[in-house]
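The values are calculated or read from the model by the stated rules, or taken from the named source; none is laboratory data. Model, not experiment: these values are computed from the prediction. Cβ placement follows ideal geometry from the backbone for every residue including glycine, while neighbour counts extend to all protein chains displayed. For accessibility, only protein heavy atoms count, side chains too; no ligands or nucleic acids. Shrake-Rupley method; radii C 1.70, N 1.55, O 1.52, S 1.80 Å.
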Amino acid sequence: MQALGINTPPGSGRLSILQRHLTAVPVSGQVATVSHPTSFQYTLDNDLLTTEQRHFYEENGFLVVKNLVSDQDIDNFRSAFEKVCRKELEAPGLVVMRDVVIAKSEFVPDQKAITKIQDFQELPELFRYCSLPQILRYVECFLGPNIMAMHTMLINKPPDAGKKTSRHPMHQDLHYFPFRPAERIVCAWTAMERIDRSNGCLVVIPGTHKGELKQHDYPEWEGGVNKMYHGVRDFDPNSPRVHLVMEKGDTVFFHPVLLHGSGMNKTAGFRKAISCHYASSDCYYIDVKGTSQENIEKEISELARKRYGLEEGITLKDAWFTRARCVKGERLNM
Ligand SMILES: CC(C)CC(=O)SCCNC(=O)CCNC(=O)[C@H](O)C(C)(C)COP(=O)(O)OP(=O)(O)OC[C@H]1O[C@@H](n2cnc3c(N)ncnc32)[C@H](O)[C@@H]1OP(=O)(O)O
Ligand SMILES: Nc1ncnc2c1ncn2[C@@H]1O[C@H](COP(=O)(O)OP(=O)(O)OP(=O)(O)O)[C@@H](O)[C@H]1O
Ligand SMILES: O=C(O)CCC(=O)C(=O)O
Ligand SMILES: [Fe+2]
Ligand SMILES: [Mg+2]
């Protein structure tokens with residue numbers, strides 16, 4: 001209990017509840033579990049989350065559910081991903097990204113060294129992840145019954161090429177999203193194999209979901225940074241990080257303002273995770289002009305201009321509206 005930074009008075013009757021709860025949440029570091037808010041802001045009334053789980057998400061901004069996706073499903077996603085790499089599967093809108101070191105190198109060591117694929121909403125073999133009923137049951141606890149899949153990713157963190165470019169800087173996902181409110185957005189992220197500090201697990205700063213969306217820029221990293229991997233400006237490396245060690249099939253749900261990133265992959269394997277960002281279809285789009293999100297809008301707009309030969313760029317809203325898909329209930333504003 002000491003290691004988890006929990007101050008429970010000796011002899012407290014709550015200790016056993018906390019212990020039971022904490023064994024279900026494989027994290028190390030500082031997590032808050034003791035202050036119980038009287039009203040809920042980040043979760044909705046539901047009959048799935050235990051009281052402890054609900055309080056945990058309210059206080060910390062994330063919740064790990066063990067063994068939520070079956071090995072069989074994950075093996076199928078892995079096989080679909082491998083087919084995408086071999087160009088045996090394709091889909092409109094699919095983005096395939098290589099690590100910056102490999103993309104910028106004249107000596108391409110491995111053509112298959114793909115960092116991630118994004119926007120697989122038109123690829124049924126992978127998009128099935130976003131409609132898994134056991135995931136949507138949890139998503140509904142945060143968003144309500146009308147659910148849009150906004151962003152899809154399969155991250156294949158490569159063995160670090162020696163420049164630490166396999167890291168993902170600390171950031172808040174809301175930086176990329178021109179829709180609100182933040183509490184009706186959630187990410188589901190499933191480990192496709194055991195993920196720990198050796199292959200670059202997710203790192204979170206519990207409780208930061210209660211703060212503001214911060215200014216993001218490219219971190220000044222010597223070895224380079226992947227395109228659009230913005231990090232929160234002036235990140236304090238002494239912040240109380242929690243490393244999420246997860247087994248194959250474990251799934252973390254997290255709030256889009258939660259500060260998180262991932263470490264370097266020091267192993268020889270490609271570390272795989274699949275994720276989807278969901279938003280309630282009651283959310284609404286905002287104009288990010290004049291806000292801290294203007295820089296990412298500009299970058300995405302410029303990319304779309306180049307890629308699709310457009311004369312003018314696109315707005316962040318256009319970029320998101322076209323990939324959004326309704327996975328449960330009704331499509332309303334999104
Ligand atoms: C919540 C969620 C949204 C959070 C996030 O997802 S954060 C990260 C968001 N990132 C993205 O959306 C990145 C999306 N990636 C892409 O669009 C693509 O992979 C691209 C970076 C544009 C590259 O694709 P593509 O154009 O097919 O590749 P090319 O090999 O033709 O390269 C074109 C120019 O881009 C460069 N490039 C490619 N990969 C990277 C990289 N990883 N990092 C930095 N620069 C890169 C490449 O060197 C080339 O540059 P030039 O020769 O034009 O100068
Ligand atoms: N200056 C920085 N700005 C933004 N993010 C950073 C910065 N330095 C490190 N990070 C990020 O902080 C997170 C935690 O880094 P940390 O080094 O603890 O992870 P790790 O490499 O997995 O662990 P280990 O220390 O065991 O190697 C990672 O997401 C990393 O990308
Ligand atoms: O490294 C990972 O899998 C997490 C990446 C991430 O946080 C993101 O793409 O927004
Ligand atoms: Fe993220
Ligand atoms: Mg480190």
Per residue solvent-accessible surface (Å²) - region 37-183, probe of 1.4 Å: 43 Å²
Probe 1.4 Å, all protein chains present, accessible-area order of 117, 102, 286, largest first: 286, 102, 117
Shape category assigned to region 108-193 from the gyration tensor of Cα positions, a/c cut at 1.5: prolate
Folded to 0 to 90 degrees: helix 71-85 orientation relative to the chain principal axis, Cα: 20 degrees
Residues residue 311 and residue 134, FRET efficiency given R0 of 41 Å [Cβ-Cβ distance, rounded to 0.05]: 0.35
Sorted largest first, extent of region 52-198 alpha carbons per principal axis (Å): 51, 32, 31
Positive-pole candidate from 286, 260, 244, dipole of region 192-293, charges at beta carbon: 244
Per residue, in Å², the accessible surface of region 225-334 once ligands and nucleic acids are set aside, probe 1.4 Å: 47 Å²
Distance (nanometres) between label positions extended 7 Å along Cα→Cβ at residue 50 and residue 236: 3.3 nm
Protein-only accessible surface order, largest first, of 218, 308, 176 at 1.4 Å: 308, 218, 176
R0 of 41 Å, Cβ-Cβ distance residue 163-residue 287: FRET efficiency to nearest 0.05: 0.65
Protein accessible area in the chain, 1.4 Å probe - carbon and sulfur %: 50 percent
The chain, Rg to Rh (Cα coordinates; Rh as Kirkwood inverse mean 1/r): 0.95
